[in-house]
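Colleague: Below is a structure I'd like to ask you about.
The values are calculated or read from the model by the stated rules, or taken from the named source; none is laboratory data. Everything quoted here is computed from the prediction, not taken from an experiment. Positions of Cβ are generated from backbone atoms using ideal geometry, with glycine treated the same way; all protein chains shown enter the neighbour counts.
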Amino acid sequence: MPGWFELSKSTDDQFRFVLKADNAQTILTSQQYADTLEKQILPQWRVEREAMERLKVSQDQAATKRLLVEYLTDREQGWQLTVDGLRANDPQRLRQGEQKQAEAEKIAARLGDR
């Protein structure tokens, strides 16, 4: 689906983005994205991460479990930093969120190599 992002600065110096479809219809705003992460993604993600942490595995599966928990944790922290950055209009937190997501991707690649 072709589309684009519009980045704007409001009168109160808050940066916002809007994802537009190729017909210029708004698909998603920055606040909708933060709401979705906060209310729909993160709660269930935390439940799954906690379940993985409690999972009993054999000694030869322990290293994979540690990587999975690390991946789940980094992804969760990245999303939370993104939410916090969007809510507070804090570019530093947004960059930290991007860094955490990049770390999670590296872990995912390592898991894929197993």
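Colleague: Within segment 4-35, take every residue that is of a type in the set (Gly, Ala, Ser) and within 21 Å of the chain's Cα centre (by Cα) and give me the one that is surrounded by the fewest Cβ atoms within 10 Å (Cβ to Cβ). Before the answer, list the steps.
Modeller: Residues of segment 4-35 of a type in the set (Gly, Ala, Ser): 8, 10, 21, 24, 30, 34.
Those left that are additionally within 21 Å of the chain's Cα centre (by Cα): 30, 34.
Working: Ser30: 22, Ala34: 17.
Out of the qualifying residues, it is Ala34.
Colleague: Any idea which residue in segment 60-75 is nearest to Arg95 (Cα to Cα), counting only those that are surrounded by 15 or more Cβ atoms within 10 Å (Cβ to Cβ) and without any contact (Cβ under 8 Å) to a residue 24 or more places away in the chain?
Modeller: Val69
Colleague: Starting from residues that are in contact with a Ser or Thr (Cβ under 7 Å, 6 or more places away or on another chain) and modelled with pLDDT under 90, keep the ones in segment 16-69 and report whichever is nearest to Gly85 (Cα to Cα).
Modeller: For segment 16-69, the residue satisfying everything is Arg16.
Colleague: Out of all the residues in segment 87-109, is one or more surrounded by fewer than 13 Cβ atoms within 10 Å (Cβ to Cβ), more than 29 Å from Gln14 (Cα to Cα) and of a type in the set (S, T, N, Q)?
Modeller: Within segment 87-109 (the criterion being surrounded by fewer than 13 Cβ atoms within 10 Å (Cβ to Cβ), more than 29 Å from Gln14 (Cα to Cα) and of a type in the set (S, T, N, Q)), the answer is no, since none of the residues qualifies.
Colleague: So Val57 clears everything in (1) within 24 Å of Lys9 (Cβ to Cβ); (2) in a loop (DSSP other than H, G, I, E, B); (3) not charged (D, E, K, R) except one condition, right? Which one?
Modeller: (1)
Colleague: Turning to a different aspect of this structure: Is there a residue in segment 71-83 that is assigned to a helix (DSSP H, G or I) and farther than 15 Å from Leu42 by Cα? Even if it seems obvious, please write down each step before you answer.
Modeller: Of segment 71-83, the ones assigned to a helix (DSSP H, G or I) are 71-83.
Then keep just the ones that are farther than 15 Å from Leu42 by Cα; that gives none.
The answer is no; no qualifying residue exists.
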